[in-house]
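A quick write-up on the structure given underneath.
No value in this document is a laboratory result; all are computed from the given coordinates. Since the structure is predicted, the reported quantities are computational estimates derived from the model, not experimental observations. Cβ sites come from the backbone with ideal geometry, for glycine too, and all protein chains shown count toward neighbours.
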Amino acid sequence: MSNSRTVTERNAIAAVQRYVESDWFSRWQEFEARNDDGVDGIVFLRKKKLDKKSNKPDKAPGYTSLPIRGVLFVQVKGGEGYAGQSQKRPDHIEINLGEEYINNHRPRWDALPGPAILVYVNTANLKQNLDAWWTDLKVDSTYSDDNKQIVLVPKSQRFGPHSKGHMRRLLGPETQYDAHLHPLTAVHKDSSYVSIVLPLKACARSFYREWSVLPASERTHPGLGEILVTRNGWRHITRKGRRHERIVQSLQLLGIAKRMIKEVKDVGWVGRMEERQLKNGTIQRRELLGIRARVKFPFRQESVIQVILERKRIYGKSLISERTTFYSVYEARRGK
């Protein structure tokens, strides 16, 4: 696994980032080269909107942006070394990734909690314009039956300002996305720690302490293993500057968070990833993971609830240690 990128690869990724941020008015989060999940970055799609408050007759119009539900996972390849063509497939660019690479990474792309695309960038004339194309890594037609080393990129699928609409269609309608989330029905026990005679924060703090010292089996996620419940999560939920209503919401959802960690298998990246070198020369990688579920409440509308986990890994030449802790819980979106 390579821990660095070539100049060509960095230039290709930078070109994609410029398009995402400048033309799509969206946000790009790059993954470090140490990540070997076949993903170079995440696109957080945003919708451009005229900012009426900042507009003045004598000035150019100002814009703001609103988030669009869902994220795109992007693998970027650049340079002539990857690309080829054949008479058999004249309408496609053949990107040579290697059979072993495809076999190792295709299951990872399929498991991602959102669309996964490959963007091929022709880096020969980057200073003049962006020549790039994209393909969907989750469809069978991207892969060749007779050449297991390549993925097929349609020449008709140019990556540019207009392709933002294609990306939104890949995400699909909101209701379709929600239908695939794990369903959970809240019961009385999930909120029994909340008292009508005691302050909510005190009740929630008591529940949180009890949760933190439960046996590991009560804090174990099906895929991630033991989840630690520490002071860091409590401090993050109740931190100074966070909106009061968001704090109240999180405190009321701690019981649901406990169940989701035990019952919901699917995990996705939230998008924040940081790396730093420790004094002993090892690398600490910090990332935030998300668990989502459609929760039916007996006393109000159904809602999408998200639990955030913080995972820290220590690397030398290989993985040395791993620690995953509860970080937050909140209502991502309320149903109609």
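A few points about this structure:
- Amide H contacts of residue 92 (H built 1.01 Å from N, under 5 Å, at least 5 apart or other chain): 155
- Residue 253 long-range amide H proximity, modeled H, under 5 Å: none
- P(r) of region 182-334 over all Cα-Cα pairs, binned every 5 Å from zero, in whole percent: 2, 9, 18, 21, 20, 14, 8, 4, 2, 1, 0
- Each residue of region 298-307 was assigned a 3J(HN,Hα) from its phi angle through the Karplus curve 6.51 cos²θ - 1.76 cosθ + 1.60 (θ = phi - 60°); the sequence is x, 10, 7, 5, 4, 8, 8, 10, 10, 9 Hz, with glycine and proline shown as x.
- Lys/Arg +1, Asp/Glu -1 at C-beta; region 209-336 dipole; positive extreme among 288, 264, 228: 288
- With the highest mean first, a sort of the peptides 6-14, 115-123 on other beta-carbon atoms found within 10 angstrom per residue produces 115-123, 6-14.
- Highest-first arrangement of 192-199, 158-165, 244-251, 318-325, where packing means the average Cβ count within 10 Å: 158-165, 244-251, 318-325, 192-199
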